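Let me begin by presenting the structure, written as C-alpha cells, before commenting on it.
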Amino acid sequence: MIKTTVNLFSADLLPAKLRLSFQTLMLMVGGLVLISILSWSIGYWLVSSLEADMAKVSAEKSQLDIQKQQLEQQIANRAPDPELVTRVELEQQRLELKKLLSTELNQRDNVISRGYSNLLTDLASVSDGSVWLSRIAVNEQRFEFEGFGAKPQSIPKWVEALKHTDTLKGYAFATMTMDRGELQPLAFKLSSAPEVEAKQ
C-alpha cells in the first residue's frame, strides 16, 4: 500500500518551554508588593513614634522654659531686706573689730609676759643691794620703775647698768624724778622707751 500523506510536524516547531510561568511571576510580584507594604508600614510607624517623642520633648522643654522664666521673675522681684542687710554688715564689722582686738590683746600679752620674765632676770643680774624697787610696770614697749636708792650716786650707776641688759638695750630713759624726805632713802621714778620713739 502506498502512503499518500507526508508528516511534516517536528518537535523543533513547538514553542520553547518557559521556566518562569505566569502564575509564578504573579506570585513573585505579589510577594514584592506585600514586602513593600510591610516596609512602608514599619517605616511609617517608626516616623510616627519619633514625631510623637519629639512633640513630647518639645512640650516638656516649653514647660521648663516657662518655669525658668517664672523663677527668674521671682528672683528679680525678691529684693534683700534693707534692715537685714544693715544688721549683717554691722555684725561683720563687729566680728572684724573683735578679731583685731583679740590679736592686739594676744600681742600685748606676749610682750608683757616676755618682758616681765626677761626683765626680772636682767634686774636680778644688775642688783647690787644699793637700789631696791617698789613698783614695776610694763606697758607695751614702755617700762616704768619706782623705788629707792641708798645713795644719790647709786641710782645713775644702776640706770647705766640697765642700759646694757638684753631687755633694755636700745631703750632711752625719758624721764627720771628723785625725791628725798627727811630720814628717808632717796626715792626715784624712772620711765624708759625705745630710743627712736623717745627722740620723736
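The values are calculated or read from the model by the stated rules, or taken from the named source; none is laboratory data. All figures in this text were calculated on a predicted structure; none of them were measured in a lab. Cβ atoms come from the backbone with ideal geometry, glycine included; neighbour counts cover every protein chain shown.
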Do you know which residues across segment 145-156 are surrounded by fewer than 16 Cβ atoms within 10 Å (Cβ to Cβ) and not hydrophobic (A, V, I, L, M, F, W, C)?
Glu146, Lys151, Pro152, Gln153, Pro156
With respect to Gln74, determine if the residue is surrounded by 10 or more Cβ atoms within 10 Å (Cβ to Cβ) and among the polar types (S, T, N, Q).
no
Restricting segment 121-137 to residues that are among the aliphatic types (A, V, I, L, M) and more than 52 Å from the chain's Cα centre (by Cα), the residue that is farthest from Phe188 (Cα to Cα)
Val126
Condition (residue is out of contact with any Cys (no Cβ under 9 Å at 6 or more places or on another chain), modelled with pLDDT of 70 or more, of a type in the set (Asp, Glu) and not in a helix (DSSP H, G or I)) applied to segment 77-97: is it met by at least one residue?
yes
For segment 144-200, how many residues meet the condition of being modelled with pLDDT of 80 or more and among the aromatic types (Phe, Trp, Tyr)?
4
